[in-house]
1. What number in nm² do you get for segment 4-83 if you take the convex hull of its Cα atoms and divide its surface by four?
2. Whose amide H sits under 5 Å from the amide H of Ala26, counting only residues 5 or more places off or on another chain, with H placed in the peptide plane?
3. Could you give the nm distance between label points at Arg65 and Cys18, where each point is 7 Å from its Cα heading toward the beta carbon?
Amino acid sequence: MRNAKRLVAIRQLPCVRCGNPNSQAAHSNSSKHGKGRGIKASDDFTVPLCYSCHSAFDQFKLGTRQESEAMFDKWLDKTNRMLNLKDDEVF
């Protein structure tokens, strides 16, 4: 599923891994999120990652596939909380 509004919002957030303000929308690499050979996961499963972190994540340089999936799930939870912050909340 494509969601241009979410992708724009994701790109405005800092990298969820290192805090770099220049982030990209990184899609999940997990089949449980719709990823397949030549098919991106749904835009609902995107997190902000800078170029370096995005590259390392996609190449499984941050851990095994299982570790990467667990890491992504934590990043996704954090990203969704960041997108839903109210003005009076502190992250």
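1. Approximately 4.8 nm², given one-decimal rounding.
2. Close amide H contacts, sequence-distant or interchain: Val47, Leu49.
3. 2.6 nm
Every number in this text was worked out from the coordinates using simple rules, so none of it is lab data. Note that the structure is a prediction, hence the values are computed from the model and not measured. A quick note on method: Cβ atoms are made from the backbone with ideal geometry, for glycine too, and the neighbour counts reach across all protein chains shown.
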